[in-house]
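The values are calculated or read from the model by the stated rules, or taken from the named source; none is laboratory data. Small disclaimer: the values here were computed from a predicted structure and weren't measured. Because the Cβ atoms are built from the backbone with ideal geometry, glycine has one as well, and the counts that use them run over all protein chains shown. For the accessible areas, the whole protein counts, side chains as well, though only heavy atoms, and no ligand, DNA or RNA atoms are used. Shrake-Rupley method; radii C 1.70, N 1.55, O 1.52, S 1.80 Å.
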Amino acid sequence: GAGVSQSPSNKVTEKGKDVELRCDPISGHTALYWYRQSLGQGLEFLIYFQGNSAPDKSGLPSDRFSAERTGESVSTLTIQRTQQEDSAVYLCASSLRGRELFFGEGSRLTVL
Amino acid sequence: EDKVVQSPLSLVVHEGDTVTLNCSYEVTNFRSLLWYKQEKKAPTFLFMLTSSGIEKKSGRLSSILDKKELFSILNITATQTGDSAVYLCAVENQAGTALIFGKGTTLSVSS
């Protein structure tokens, strides 16, 4: 597509529920990133996919967080048993290797 | 641990003023430094800097990198209300893995 597309744009869930956030990167971009941005904070790295290499999961805050990517296409970030501290904007970005990142509009997650 | 520190955290100026935003960093095997502007949700790319001392310009915005002192500045001249945003600095290491972002500088330009 023309840009990075994320869905849903807003998600309100109850504590303890699982959520899935979707990212559709720019066609042809081999790298895909997930970041989290809490109110007033910078972007916190979560996970990085590059082509068919093993993903860099070093930023995932707990084992409740996981992400998958099929080839060089769509990625899904899953948060299990959500907690209130998971509330944030989850931003996805894609790039060609060594080039600048292009961000999606983000998914705002609110855990009640 | 790789880190990026931006200053000031917030800044309020009047239209027409010139501002300088700062970004200092520590990263293993530096590859590049990037500046982004975030107005609502999606940060938009401004500059990528890889070499010291070479200024990059785009209209009223310019940026320069000092790899010896490990910092970069972003200058905005003749500020306009549309410049109000969060400006994010990020660094990339040679491994080309994820960018490490600073917390950003929130710029507010009043008319």
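Think of segment B:1-50 as a dipole: +1 on every Lys or Arg Cβ, -1 on every Asp or Glu Cβ, centred on the Cα centre; then among B:N22, B:M48, B:S7, B:M48 lies furthest on the positive end.
The Cα center of segment B:26-77 and the Cα center of segment A:8-23 differ in position by 34 Å. In this view, the solvent-accessible surface of A:R99, computed with a 1.4 Å probe and all protein chains in place, comes to about 130 Å².
For the protein assembly as shown, the tally of Lys pairs with Cα-Cα distances below 16 Å comes to 9, considering only residues 8 or more apart or on different chains. For the pair B:S51 and A:S38, a Förster radius of 30 Å applied to the C-beta separation gives a FRET efficiency near 0.35, rounded to the nearest 0.05.
Please get the size of the charge dipole for the protein assembly as shown, origin at its Cα centre, with Cβ charges of +1 on Lys and Arg and -1 on Asp and Glu, quoted in debye to the nearest 20.
Values: 23 positive and 24 negative charges, 38 e Å.
Using Cβ point charges on Lys, Arg, Asp and Glu, the protein assembly as shown gives about 180 debye.
Here's the picture: a label point sits 7 Å out from the Cα of B:K68 along the beta-carbon direction, and within segment B:33-58 the residues with their amide nitrogen under 12 Å of it are B:52-53. Taken along the Cα-to-beta-carbon direction at a fixed 7 Å, the label points for B:V5 and A:S5 span 4.3 nm. For segment B:55-105, a crude dipole built from +1 on the beta carbon of Lys and Arg and -1 on the beta carbon of Asp and Glu, taken about the Cα centre, is about 60 debye to the nearest 20.
Simple spin-label estimate for A:T76 and A:R97 gives 2.8 nm between the two label positions (7 Å along the Cα-to-Cβ direction from each Cα).
Which of the trypsin sites (Lys or Arg not before Pro) across segment B:29-111 are loop residues per DSSP, with 14 or fewer other Cβ within 10 Å?
Values: sites: B:R31, B:K37, B:K40, B:K41, B:K56, B:K57, B:R60, B:K67, B:K68, B:K103; in loops: B:K40, B:K41, B:R60, B:K67, B:K68, B:K103.
Counting only loop positions with at most 14 other Cβ atoms within 10 Å, the trypsin sites (Lys or Arg not before Pro) in segment B:29-111 are B:K40, B:R60, B:K68.
Only protein heavy atoms count here; under a 1.4 Å probe, B:V86 has an accessible surface of about 40 Å². What you get for segment A:10-92, charging only the Cβ of Lys and Arg (+1) and of Asp and Glu (-1), is a dipole of about 120 debye around the Cα centre. Exposure check, 1.4 Å probe, all protein chains in place: B:D17 carries approximately 60 Å² of accessible surface. Taken residue by residue and averaged, Cβ atoms of other chains lying within 10 Å of the Cβ of B:37-44 number 5.
Partner shielding of A:29-35 amounts to 2, given as the average count of beta-carbon atoms from other chains within 10 Å of each residue beta-carbon. Look at the dipole of the protein assembly as shown built from charges on Cβ: of A:S38, B:G104, A:V74, the Cα furthest out on the positive end belongs to A:V74.
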